[in-house]
Amino acid sequence: MILSGVKVIEFAGLAPGPFAGMVLADYGADVIVIERTQSAMPRPPSLARGKRSIMLNLKDKEGIKVANRLCQNADVLIEPFRPGVMEKFGLGPDELLKNNPKLIYARMTGFGQSGSYSKMAGHDINYLGMTGLLSKLGREGGKPTAPLNLMADFAGGGLMCAMGVILALLERTKSGRGQVIDASMVDGASYIGSWIYQTKDAPYLWPIGDELGKNLLDTGSPFYDTYQTKDNKFMAVGAIEPQFYQQLINGLGLTDEDVPGQVDLDKWPETKKIFADVFRSKTQSEWCKVFDGVDACVTPVLTLEGAAQHSHNQTRKTFLTNEDGDAEPRPAPLLLRTPGVNYVKPNPVTGQHTEVVLKEVGYSQSEIDELIKNEVVKSETVKSML
Amino acid sequence: MALTGIRVVEIAGLAPAPMAGMILSDFGANVIRIDRTKQTETVDRLARGKRSIAVDLKSKEGANVVKRLSSNSDVLIEPYRPGVMERLGLGPDILMKDNPALVYARLSGFGQSGPYKGVAGHDINYLATSGVLSTLGKYKENPIAPINLVADFAGGGTLCSLGVLMALFNRTKTGKGQIVDVSMTEGAAYVASWLWRSQNLQLCWPTKIRGRNLLDTGAPFYNTYETQDGKYMAVGAIEPQFYALLLKGLGLTEENMPGPQIDIRKWPEMQKLFSDVFAKKTQAEWIELFGDSDACVSPILTLEGAATDVHNEARGSFMRNENGSYEPRPAPLLSETPGITEVKSDPNIGEHTEEVLQEFGYSKDEIDHLIKNDIVEKL
């Protein structure tokens, strides 16, 4: 696979760091998660597929030595801590890159390694708030609405971090050297939203730019929004271009006389109400029959489970089935010659691979026993859980 | 720079493909955008640093120009519905036979296969088909797509760049290129993987109802609030120790509260209480009051406000362009080989037609012939 042979040490964190690690694991990297023995927060189990887990006591000098040894042989390190924490552990980039100049040291934070907020706690909603993008998201008359934690934690966070790692790996094939990646979720989310900044003064996109939910793509227009169906499901309408809009009108059983013009902004609320009434007259599957295969840009809003069962997604094998029988997205994009994983590897039990990982970097069994005895590391084999 | 020496041919498209081209350009690639002839305006707002050549793709000679460019390039990005490139004689079979090291990236909404392939759509449709849209939006309101950020840009353009970079990395070992099939539907789903994988986490998803959960506007301590001056603050105080600081900053105590933090039945009431308190001070006052405490309370900035915020300025998070407005600096920051730090200008359509053709070995006579016959156009 693309990242076969690439060794990643991921210091356990909440969501962004683990997502970056998961992307790398999904494309073949050997990702080892360092979990802390005295951790206040239990590790959320959600993004660990295919990784291996070792438990270390990072407050113990001996534990730091172990971490050091693991990093000496690693290609990539991902850490999610506030700036300065790794340095306090004696595991800062200066230290580690000195011994391993080819190490790619990725630092995944909300606010970045510098700046006045860099030591502050925060979550996706705070980081997205700092980009300016959150101020544009929400319905008319309401307040800014963060799209869960997709934009900062995942898109601008883990995904961007993974992309930086691949860039650095690629660059390293030329230079032979690693480097430090300062992956800030504020920066990442802003960068992904570049187009919004670039087009904010375009009158066709943002006719009433200062107000939420009154513009072309932010639920202001009647032809770019969701509508409720008779059976309390929803359809998504994205009929921007005139030829698609015409198909939308036709499919709704309307004529040009029934609705105000597409670009009659003042009448958008009126048009919206007309569309809403029509959409409520049929069920979601009835609308699918009307619009499937038609170039109207009208498609069902599928639930998480529904998406996995939809015929298009099934044909594409967009979803994999895990050992619990539940669906989860398959790695994207598809690289045809060297794709990512096509099945769900299990989550490791915390500390499941402590011994095997230590052996891989040259510890003897008696050394390992000593480390366990002194609670420098913890080993949790599946057997010991029974 | 990380991608110095990498040549990218970007077939002009709406927004996702330009995003992929821009990312590659920002990190040093030489990106040539193939524009159509007979048009003066481009829709590409992500064009900084690219060069433009205008080619009549419908003509055989025009297709030959693209073939020649791609035979000496590393990456091609195309934004069309499946089959269009094949009809132009520029499908991967042809271009990769000629140049087996080519990374051929195909960026579409629904992917290169499946019953929806080739159906017209936009971000909102791809997001809907991915399942993700069903989770976004407030209680009792219709699902709301966050403009076109998640499918067009996160799951589309950015994921396309990721795929291209991975393919280039693989190529350093194998010498071979490959096809990268980027479906925005799948990309959006993949970026949102956590949604599927966390459904049984009671803390995050206490109900099966959109808008009534931890991160989807259900929780009062993970929400936005209007200030006295019509601006907003973002509150993300999930952890108990941060929540305690939130209450402190709001001048509330546990006793004031209708219930403990995680009593979801009291969430609507708590939200109203927080609303009332936030409405009593201006945004600036709240910023001052919360300072850099760990309450996870921070301002919601406008696009312009973000560019000039003191934290973002210190980080150089935004660059100023020649029009005096701001655009985000490439992320992430690579210490040794960063992306651009200043904004290169957008090309005009056909501005680099002659220069690019010369670079690819066309003689002056050949170039004159192409221009004279409207196969290519120059500015």
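Side notes on the structure shown:
- Occluded residues from region B:207-232, i.e. those whose accessible area drops by 50 Å² or more once the chain is not alone (1.4 Å probe): B:Leu215, B:Tyr222, B:Thr224, B:Tyr232
- Taking all protein chains together and a 1.4 Å probe, the residues B:Tyr232, B:Tyr222 rank B:Tyr232, B:Tyr222 from largest to smallest accessible area.
- Residue-averaged beta-carbon neighbours from other chains (10 angstrom radius) around A:173-181: 4
- Range of Cα positions in region A:312-386 per principal axis (Å), largest first: 55, 30, 15
- Value at 222 nm in deg cm²/dmol, rounded to 500, when DSSP H runs of n ≥ 4 in chain B each add -39,500 (n - 2.57): -9500 deg cm²/dmol
- For region A:54-160: relative contact order, % (alpha-carbon pairs under 8 angstrom, 6 or more apart): 20 percent
- Most to least packed among B:113-125, B:242-254, A:119-131 [average Cβ atoms within 10 Å]: A:119-131, B:113-125, B:242-254
- Its relative contact order, with pairs defined as Cα atoms under 8 Å and 6+ residues apart, puts region B:207-283 at 37 percent.
- Centroid-to-centroid separation of region B:1-79 and region A:304-377 [C-alpha atoms, Å]: 37 Å
- GNM remark for chain A: springs join alpha carbons under 10 Å apart, and the peak mean-square fluctuation among A:Ser46, A:Ser194, A:Ser116 falls on A:Ser116.
- Of A:Ala168, A:Ala74, A:Ala236, the residue with the greatest mean-square motion in the GNM of chain A, using alpha carbon springs below 10 Å, is A:Ala236.
- Separation of region B:260-279 from region B:151-230 is 28 Å, based on Cα centroids.
- Pair B:Thr4, A:Val290: separation of 7 Å Cα→Cβ label points (nm): 5.9 nm
- Taking N as the residue count of chain A, its C-alpha radius of gyration divided by 2.2 N^0.38 Å amounts to 1.19.
- Chain B, Rg to Rh (Cα coordinates; Rh as Kirkwood inverse mean 1/r): 1.06
- Computed helical MRE - 222 nm, chain A, DSSP H runs ≥ 4 contributing -39500 (n - 2.57), nearest 500: -9500 deg cm²/dmol
- Averaging Cα coordinates gives a centre for region A:215-291 and one for region A:31-108; these two points are 51 Å apart.
- Length-normalised contact order for chain B - Cα pairs under 8 Å, 6+ apart - percent: 19 percent
- Residue with peak Gaussian network fluctuation, chain B [Cα springs, cutoff 10 Å], from B:Asn142, B:Asn256, B:Asn323: B:Asn323
- Ratio of Rg to Rh for the protein assembly as shown: 0.96 [Cα atoms; Kirkwood radius as inverse mean 1/r over pairs].
- The tail of the calculated P(r) for region B:263-379, taken as Cα-Cα distances beyond 26 Å, holds 57 percent of the pairs.
- Structure note, pairs A:Lys289/B:Lys208; B:Lys117/B:Lys344; A:Lys200/A:Lys230; A:Lys230/A:Lys273; A:Lys119/B:Lys138; A:Lys200/A:Lys267: Cα-Cα distances above 24 angstrom occur for A:Lys289/B:Lys208; B:Lys117/B:Lys344; A:Lys200/A:Lys230; A:Lys119/B:Lys138.
- Proximity of backbone amide H atoms, modeled 1.01 Å from N, is registered between A:Ile104 and A:Val76, A:Leu77, A:Gln179 at under 5 Å, excluding neighbours fewer than 5 places apart on the same chain.
- In summary, the aspartates and glutamates within cross-link reach of B:Lys272, defined as a Cα separation below 13 angstrom excluding same-chain residues under 8 places away, comprise B:Glu226.
The values are calculated or read from the model by the stated rules, or taken from the named source; none is laboratory data. No experiment lies behind these values; they were computed from the predicted model shown. A quick note on method: Cβ atoms are made from the backbone with ideal geometry, for glycine too, and the neighbour counts reach across all protein chains shown. Surface areas here come from the heavy atoms of the whole protein model, side chains and all, with no ligands, DNA or RNA. Shrake-Rupley method; radii C 1.70, N 1.55, O 1.52, S 1.80 Å.
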